[in-house]
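The values are calculated or read from the model by the stated rules, or taken from the named source; none is laboratory data. Fair warning: this is a prediction, and the values are worked out from it, not measured in the lab. Virtual Cβ from ideal backbone geometry, glycine too; neighbours counted across all protein chains shown.
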């Protein structure tokens, strides 16, 4: 059944006049009458009683009218859903992020702004390590990943990265540790022989390799007391005195009892990167535009 026929039928039923219905439809009356007759022939029923003075619905017409209106409304809803999906207003966004990302104001602001502007989009958020995010984006299990890395990340073909922010790293240490009490900012060299607590390599955003290289440049090999996979465990063990660690400055907003954050004498910086495939869905494009706008632009790499 042609939806156009149903629309013509509804207009005539609402106007009870072929001339007025044709005027609303922007067509002449004869084609409208022909289309109504074609619909009646297709259904095998008479929909209107026609006299020279009036038009009225038959019992069959009265039964069809609410169904025809619902069919037309459903078609409009389906069309609008397609338009919304094309504009990135409905659907699902798979977003991965490193543990520190939500504490970065630009990321938190982007998430808030996107939820306000796209309330019908389902946000599927997952805290994941760097390598797992890259793999999941490559295999279309995530739309966008937010990872921390010191250098532009090595990505599979078809993916790119944009630097959202660059920030200094801080030394986190228990408040009664000698490095917490000294006046001068601690240097990397001051960590020689000091047991450290670090993220495991898969979760450390490439920091371990970078940090070890800095230690070697300072003339020593670092002593790693523990490697952990949980951000909360990392902070808890440092506060419990198991050893210092290195954190991004954005995490200085957190307050943990017995924990002191110190600047490093020789600044060490890391970057937060947004990774994604070159070809993005409308929803992913909308989120990318949101976070890029709030980041004041982003440095891209293929």
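All conditions but one from (1) at positive phi; (2) touching a strand residue (DSSP E or B) at 6+ places or on another chain (Cβ under 8 Å) apply to residue 56; the one that does not is (1).
Filtering 265, 232 for residues that are over 18 Å from residue 101 (Cβ atoms), assigned by TED's automatic domain parsing to the domain that holds residue 104 and exposed (fewer than 15 other Cβ atoms within 10 Å of the Cβ) leaves a single hit, 265. With respect to the conditions (1) closer than 17 Å to residue 263 by Cβ; (2) modelled with pLDDT of 90 or more; (3) out of contact with any helix residue (DSSP H, G or I) (no Cβ under 6 Å at 6 or more places or on another chain); (4) surrounded by 17 or more Cβ atoms within 10 Å (Cβ to Cβ), residue 162 falls short on a single one, namely (1). In the set (1) without any contact (Cβ under 8 Å) to a residue 40 or more places away in the chain; (2) touching a helix residue (DSSP H, G or I) at 6+ places or on another chain (Cβ under 6 Å), residue 122 fails one condition alone, (2).
Return a yes/no flag: does region 54-66 have any residue that is in a helix (DSSP H, G or I), surrounded by fewer than 18 Cβ atoms within 10 Å (Cβ to Cβ) and modelled with pLDDT under 85. Reasoning before the result, please.
Quick first cut of region 54-66, residues in a helix (DSSP H, G or I) only: 59-66.
Still in the list and also surrounded by fewer than 18 Cβ atoms within 10 Å (Cβ to Cβ): 59-60, 62-63, 65-66.
Checking which are modelled with pLDDT under 85 leaves us with none.
Checking region 54-66: not a single residue is in a helix (DSSP H, G or I), surrounded by fewer than 18 Cβ atoms within 10 Å (Cβ to Cβ) and modelled with pLDDT under 85.
Within region 117-140, restricting attention to residues that are surrounded by 14 or more Cβ atoms within 10 Å (Cβ to Cβ) and part of a loop (DSSP other than H, G, I, E, B), the residue that is modelled with the highest pLDDT is 118. Listed conditions (1) closer than 28 Å to residue 144 by Cβ; (2) without any contact (Cβ under 8 Å) to a residue 40 or more places away in the chain are all met by residue 48, apart from (1). Residues of region 273-302 that are part of a helix (DSSP H, G or I) and modelled with pLDDT of 85 or more: 282, 283, 284, 285, 286, 287, 288, 289, 290, 291, 292, 293.
Scanning region 168-188 for residues that are in a helix (DSSP H, G or I) and under 16 Å from residue 210 (Cβ atoms) turns up at least one hit. Looking across 94, 145, 88, one residue alone is outside any helix (DSSP H, G or I), surrounded by 16 or more Cβ atoms within 10 Å (Cβ to Cβ) and out of contact with any strand residue (DSSP E or B) (no Cβ under 7 Å at 6 or more places or on another chain). It is 88. The conditions of being over 30 Å from residue 291 (Cβ atoms), under 49 Å from the mean Cα position of the chain (by Cα), free of Cβ contacts under 8 Å to residues at least 12 places away in the same chain and in a helix (DSSP H, G or I) are met by residue 23. Taking residues in region 161-183 that are under 15 Å from residue 103 (Cα atoms), and partners anywhere that are surrounded by 20 or more Cβ atoms within 10 Å (Cβ to Cβ) and modelled with pLDDT of 90 or more, the pairs with Cβ atoms closer than 6 Å and at least 6 places apart or on different chains are 164/272; 164/274; 165/272.
Restricted to region 251-267, and to residues there that are in contact with a strand residue (DSSP E or B) (Cβ under 7 Å, 6 or more places away or on another chain), at pLDDT 85 or above and outside any strand (DSSP E or B), the residue that is farthest from residue 169 (Cα to Cα) is 258. On the stretch given as region 234-255, residues that are more than 25 Å from residue 149 (Cβ to Cβ) and touching a residue at least 40 places away in the same chain (Cβ under 8 Å) total 4.
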